Amino acid sequence: MPINKEGEEVVIPPKDEEEILLEKLVFGDAEGFENNLKKLDNLYDYSDEEEIDHVEDDEDRDIDDESDVENLQDDDLFFIDDGANTNNDDMEIDNDGESEEEEDEDDEDEEDAWEDSDDERMNISLLSSDRLKKLRKTPQDSTISGKSYITRLRSQFEKIYPRPQWVDDIEEEQEEQEDEDMNDDDEDGENNSTSNTTSLLNALSKTEKFIITKQLKLLSPNKIAISRLKDANYKKLPKSGVQSISFHPQFPILSIAGFDKTIRFYQIDGKSNNFITSYFLKNCPVMTVQFSPNLNNTIFASGRRRYMNKINLNTGEVEKINRLYGHEQTQKSFEYFKISPNGKFIGLTGNNGWCNLLNGKTGQWVHGFKIEGAIIDFEFSHDESFIMIINTAGEVWEFELPDKFNNSNKSSSSNNNSKVLRKWYDDGGVGITKLKLGGKNSRWVAIGNNNGIVNIYDRNTFLNDTVRPKPIKTVENLVTSISTLQFNPDGQLLCIASRAKRDALRLVHLPTGSVYSNWPTSGTPLGKVTAVEFSPNNEMVAIGNQGGKVTLWRLDHY
C-alpha cells in the first residue's frame, strides 16, 4: 500500500466505470484482443502509412454483427480514402468504363516527351502489392490500364510534391500571349485577322508622315548630340531576342521580329510608343524583316525556311514566295534577303556562291549571279544600277543591274550575261562578315570582319583599273566579330556593332572617319546589340538587343 510524505498509508479507491473504459481504450484488454484475432485473420495486411476505413453498406450488412464480418472479404472491408469520393457512396463506378476514359482524356491534353506503345495494351493489378493498393480510388478497383496507372502515379506524386504556383502563372501568360498573337492563323501560317488590319490601318491614317528635308545638315566630327527616348517596344516585349527591325518608309511605324515567330508593330513618337498589332508566322522563326519601299504597306519576312512571307498590311493576307522555277538547288534558305532602295528587286544570299534576284512585286526569279567561294553579304546601289557581292576572302564583285530583265526562265549559266563592272579586294580581308553601302550615290563602302575591324572606302577615289584600293579609314575600336553595319540615310553616320559582347557599338563620322568618344559611354544600356535601324528622316536610331529590348535614341542635331 502506498505511503505519503507524512508516513501515512494511502487508501486507493476502486476504479470507476469511466477509468476502466479509458484504460481499455488506451492499453486494450486480453478479451478484446482475442476477439479481434478471431474476426480478422489478416488485420495487418496494410502498411502503417495507409489510412484504413470500414466500408458501410446500409442494405444488407451490419459491421457490429460478428457473423457478417467474418463472411466479408478483406478487399470489401478496407479501401484507401483519398478524400476525392466523399458523399458519393451511391455512385456506381465501372473500372473499365467512364473513370478510365476521363483519365485518358485528361492525359491527352498534355504531350509526353516519350510514349510507350505497350502502355495501351498493359493491365495493372492493384491488388498485387501493398504499394499498388494505395492507388485504388474505390473498393472495387482491381485492375486498371497502363495509361490510367501513369495518371494515378502522377497524381500521387503531385500530392506529395504540389505543383508550384509559378508554373501555372507562366502557362497562363503563354496562353494569353498565343491568343493575342496567333489571331486565327491557318496551316500555312497565314494571318487573316481583320482586327490586325484594322488596327494598323487606323494607326496609318492618324499618323503623320516623316518629314524628310533635302537640306543637308553637317554633323560635328568630334561630339554627337544624342538623347534617350522611351524604349520602342516597352509596352509589348517579345519572347526572344530581337533579330531584325525595320522602319516604315513613310510613317513612324517600327516593325520588330525575332525567333518567337511574331512580327510586332509600334507607333513611334518617342513618348508612348504605342503597340499597334502583331502577326504570328506559324513555324517560321523570323531572321529578317523589311518594309517594301514601293509596295503600299507591304512587309517581307523570312527565317531559315525555303520560302519568304509577303504580308499585305492593308488586307492582312500572307503570301508565300518560293518561285525559283528550276533554281531551287541554289537557294536552300530565304533567311537572308535585302530589298533594293526603290523596291525593284529582292536579293537572296544563296548557296554555292549564288546570289538570286527576285522581282520586287511578283516575287518571281529573274536572275542569278555566281561568284567564287561562298557569299557572305551583298548590297544594292542607291540608284539600283549595280549589285556588290563579297565572299569570305574579301573578294568583291560589282555586277551591272540592267533596267529590264527577261522574266523567262533562265538556265544556271545566265550569269554569263551579267556584266562585271569591277572586281577588287578588301585590304587585308580575311574572315569577312558584313558589307554595307551608304551615302549619296553609294559613295561609302564599309566591310567588317570577325576580328572587329571595319574598313571604310570612298568609291569616288576608285579608278577603273583599281584592284586593291586603300581604305580612307580602318576602325579598330571593337575586338569581336562585326555583326551589324548600318549607314544613316544621308551617309554622315556609320553604326558598327558586335553581338558577341555587351555594349559593343560605335558611331563613326563620315567623311572624317572619326569615332565618337562621348557616346556610347560605359553606362549606356545597350546590351548585346543584334539589330540597328535609322529612321528615314535621320532623327532616330533604334537599337535591338539579345534581351528583346529595342532602345530608341534621338539624334538631336537633326
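The values are calculated or read from the model by the stated rules, or taken from the named source; none is laboratory data. Keep in mind the model is a prediction, meaning the values are calculated, not measured. Don't worry about glycine lacking a Cβ; one is built from the backbone with ideal geometry, like all the others, and counts go over all protein chains shown.
Just a few scattered comments:
- One residue alone among T474, T512, T524, T466 is over 21 Å from I245 (Cα atoms), touching a residue at least 12 places away in the same chain (Cβ under 8 Å) and not assigned by TED's automatic domain parsing to the domain that holds K209, and that residue is T512.
- For N294, the conditions (1) surrounded by fewer than 16 Cβ atoms within 10 Å (Cβ to Cβ); (2) of a type outside the set (D, E, K, R); (3) at pLDDT 95 or above are fulfilled apart from (3).
- T277 more than 15 Å from S244 (Cα to Cα), among the polar types (S, T, N, Q) and either surrounded by fewer than 20 Cβ atoms within 10 Å (Cβ to Cβ) or modelled with pLDDT under 90 (or both): no
- Across the stretch 309-329, not a single residue is classified as aliphatic (A, V, I, L, M) and in contact with a His (Cβ under 9 Å, 6 or more places away or on another chain).
- Scanning the stretch 494-524 for residues being part of a strand (DSSP E or B) and under 20 Å from S483 (Cβ atoms) gives a total of 9.
- S414 buried (at least 17 other Cβ atoms within 10 Å of the Cβ) and either out of contact with any Phe, Trp or Tyr (no Cβ under 8 Å at 6 or more places or on another chain) or modelled with pLDDT under 90 (or both): yes
- Test result for S514, crowded, with 18+ Cβ neighbours inside 10 Å and over 23 Å from S385 (Cβ atoms): no
- Among all residues of the stretch 445-457, there is at least one that is closer than 25 Å to L552 by Cβ, buried (at least 21 other Cβ atoms within 10 Å of the Cβ) and among the small types (G, A, S).
- Out of S481, S442, sole residue that is more than 23 Å from V529 (Cα to Cα), of a type in the set (S, T, Y) and touching a Ser or Thr at 6+ places or on another chain (Cβ under 6 Å): S442
- Residues considered: L127, L204. Of these, the only one that is in contact with a helix residue (DSSP H, G or I) (Cβ under 8 Å, 6 or more places away or on another chain), hydrophobic (A, V, I, L, M, F, W, C) and at pLDDT below 85 is L127.
- For D490, the criteria (1) part of a strand (DSSP E or B); (2) of a type in the set (D, E, K, R); (3) outside the structural domain of E208 (by TED's automatic domain parsing) hold in every case but one, which is (1).
- Pairs, first buried (at least 22 other Cβ atoms within 10 Å of the Cβ) in the stretch 388-402, second assigned to a strand (DSSP E or B) and of a type in the set (K, R), C-beta under 6 Å, six or more apart: W397/K423
- Residue in the stretch 279-298 that is among the basic types (K, R), within 22 Å of the chain's Cα centre (by Cα), in a loop (DSSP other than H, G, I, E, B) and farther than 28 Å from M540 by Cβ present: yes
- The set of residues in the stretch 421-444 being surrounded by fewer than 22 Cβ atoms within 10 Å (Cβ to Cβ), over 18 Å from A374 (Cα atoms) and of a type in the set (A, V, I, L, M) consists of L421 alone.
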